[in-house]
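Report on the structure given below.
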Amino acid sequence: MDLIRLALDWTPNTNHTGFYVAMANGLYRDAGLTVDIVTPETDNYKSTPARRLAHGEVDLAIVPSESVVSYHTTTPAVSLVGVAAVLARDASAIVTLHQSGIDRPAQLDGKVYGSYGARFEDDLVRQMIRNDGGRGVIATHKPARLNLWQALLTNEIDATWIFLPWEGVEADLDDIKLNRFLLNDYEIPYGYSPLLATRQDAIDQKPDVFRRFIEATGTGFRFAVSQPDEAARLLIETSKHPTLSDHGFVELSQQTIAGYYLDTAGYWGKMRREVWVQFINYLIRHRMIVTRDGEIVQQLEVNKLFTNQFVEGLPTI
């Protein structure tokens, strides 16, 4: 059996359902794989999944496309490569509480944004504000990352970035009204997030192992689309994580996110080059990609950032 070590970006949630379905249904075992899932709680969120991947601690990691870009512009560069889009389209939004009266990004000028401290995050939020006619002047506050949602609810911050199929569903269930600002609605062509990434040297060494893993995983995600309630049950029972104790919430989240897994042609994992090109060009045009030495990056070879070689030929729904 070949071992695959997978680093999650968060505690187990419905972004990850396909992995747990594949595990529960024996798809990895049938593919000759033993899969070890590493959650960020292992070291209390001190090491990001991208860092674990870059340091060779894991074989694959769930990351945003920003992480792939970042490691290509570090010194020395690390060739992280996106190999499958976990979600086919953006499922996130910048949100404020409806009661705050902040119902458009321009009104965030002078307000407090609750930041995860992710690469490009604050710059993208500032640019969204400018695109809406504001100055892009915000104060950033970084509570413990697990406390950001609570910080919004208690008015410690005025806005933060959420996943609609998770915190958005939680807000709906608790009758918390939100103002939701989607990046694409404000002319920001966001990249794939989250995606499954590895290192180019690992691809070169064991392409067959990655192909078997991604084929099994794709089957798991297609199952989650066709049978969301059963997939939610498998996620809960297989992960055995306390954050998934509310079965009703997990089922509703699963039903919501099922609409984000596949592209319009019914494929899981496949990435469009134009999405990468538009996002990279946007970052470059707005001078957001800066090396640790302070040099502005003016060019990146997009073809080195992602590959569809492992998702080509996977079935559709």
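Bear in mind that the values in this text are calculations on the coordinates, not laboratory data. Not measured: the values here are computed from a predicted model. Methodologically, a virtual Cβ is constructed for each residue, glycine included, from the backbone with ideal geometry; neighbour enumeration extends over all protein chains shown.
Among Met128, Met288, Met1, rank each residue by its count of other Cβ atoms within 10 Å, from fewest to most, as a rough exposure measure. Display every interim value, and only then the final one.
Numbers: Met128 22, Met288 19, Met1 10.
Least crowded to most crowded, the residues run Met1, Met288, Met128.
Give the long-range amide H neighbours of Leu33: residues separated by 5 or more places, or on another chain, with amide H under 5 Å away, using H modelled in the peptide plane at 1.01 Å from N.
The answer is Asp2.
Relative to 2.2 N^0.38 Å, what does the C-alpha radius of gyration of segment 250-295 come to as a ratio? Two decimals please. Write out the running numbers ahead of the final one.
Working: Rg = 16.6 Å, N = 46, 2.2 N^0.38 = 9.4 Å.
In units of the globular-protein estimate, segment 250-295 measures up at 1.76.
Using the Karplus curve 6.51 cos²θ - 1.76 cosθ + 1.60 with θ = phi - 60°, what ³J(HN,Hα) values do you get for each residue of segment 78-84, in whole Hz, with x for Gly and Pro?
For segment 78-84, the Karplus curve yields 10, 7, 6, 9, x, 10, 6 Hz.
Compute, for the chain, the length of the dipole vector about the Cα centre, with Cβ point charges of +1 (Lys, Arg) and -1 (Asp, Glu) only. Units Debye, rounded to 20. Write down the numbers at each step before the final one.
Working: 30 positive and 40 negative charges, 136 e Å.
Around 660 debye, computed over the chain.
Val81: net charge of surrounding residues, Cβ under 11 Å, Lys/Arg +1, Asp/Glu -1, itself excluded?
Working: positive: Arg199, Lys304; negative: Asp201, Asp204.
So the environment of Val81 carries a net charge of 0.
Just how far, in whole angstrom, is segment 79-116 from segment 258-304 if you go by their alpha carbon centroids?
A separation of 17 Å, based on Cα centres.
Taking +1 at the Cβ of each Lys and Arg and -1 at the Cβ of each Asp and Glu, which of Ile176, Ala231, Ile203 sits farthest along the dipole of segment 172-233 towards its positive end, judged by Cα position relative to the Cα centre?
My answer, from the dipole projection, is Ile203.
Compare the Cα positions of Trp149, Phe249, Ile37 along the charge dipole of the chain (+1 at Cβ of Lys, Arg; -1 at Cβ of Asp, Glu; about the Cα centre) and return the one farthest towards the positive end.
Ile37
Within straight cross-link reach of Lys304, meaning Cα distance under 19 Å, which aspartates and glutamates are found once same-chain residues fewer than 8 apart are removed?
Straight-line reach from Lys304, under 19 Å: Asp59, Glu66, Asp201, Asp204, Glu274, Glu312.
How big is the antiparallel share of DSSP beta bridges in segment 92-186, given as a percent to the nearest 5? Please list the in-between numbers first.
On the way: 8 of 13 bridges.
Just about 60 percent of them are antiparallel.
Between segment 166-201 and segment 34-60, how many Å separate their Cα centres?
Using only Cα atoms to place each centre, the spacing works out to 22 Å.
Given N residues in segment 92-186, what is its alpha carbon radius of gyration divided by 2.2 N^0.38 Å? Don't skip to the answer; put the middle values down first.
Values: Rg = 12.1 Å, N = 95, 2.2 N^0.38 = 12.4 Å.
Rg over 2.2 N^0.38 Å, computed on Cα atoms: 0.97.
Once a ≥ b ≥ c are taken as the square roots of the eigenvalues of the Cα gyration tensor of the chain, is the result rounded (a/c under 1.5), prolate (a/b larger than b/c) or oblate (a/b not larger than b/c)?
oblate
Please list, or write none, the aspartates and glutamates whose alpha carbon is within less than 18 Å of the alpha carbon of Lys177, excluding same-chain residues fewer than 8 places away.
Counting by Cα, and skipping residues close in sequence, Lys177 has these aspartates and glutamates nearby: Asp103, Glu156, Asp158, Glu167.
Using only helices, what value at 222 nm comes out for the chain when you add -39,500 (n - 2.57) per DSSP H run of length 4 or more and divide by the total residues, to the nearest 500 deg cm²/dmol?
On the way: 12 runs with 114 residues, N = 317.
Calculated at 222 nm, the ellipticity per residue is -10500 deg cm²/dmol.
Show me, for segment 199-208, the HN-Hα J-couplings you get by feeding each phi into the Karplus relation (A = 6.51, B = -1.76, C = 1.60, θ = phi - 60°), rounded to Hz, glycine and proline as x.
10, 4, 5, 5, 4, 5, 7, 9, x, 5
Hey, what D do you get for segment 1-128 in µm²/s if you plug the Kirkwood alpha-carbon radius into Stokes-Einstein at 25 °C and 0.890 mPa s?
144
Which residue, Pro165, Ile296, Tyr260, has the largest displacement toward the positive end of the dipole of segment 163-317 when charges sit on each Cβ (Lys, Arg +1; Asp, Glu -1)?
Ile296
Over all directions, what mean area does the Cα convex hull of segment 198-317 project, stated in square nanometres?
Working: hull surface 41.3 nm².
Reported value for the Cα convex hull: 10.3 nm².
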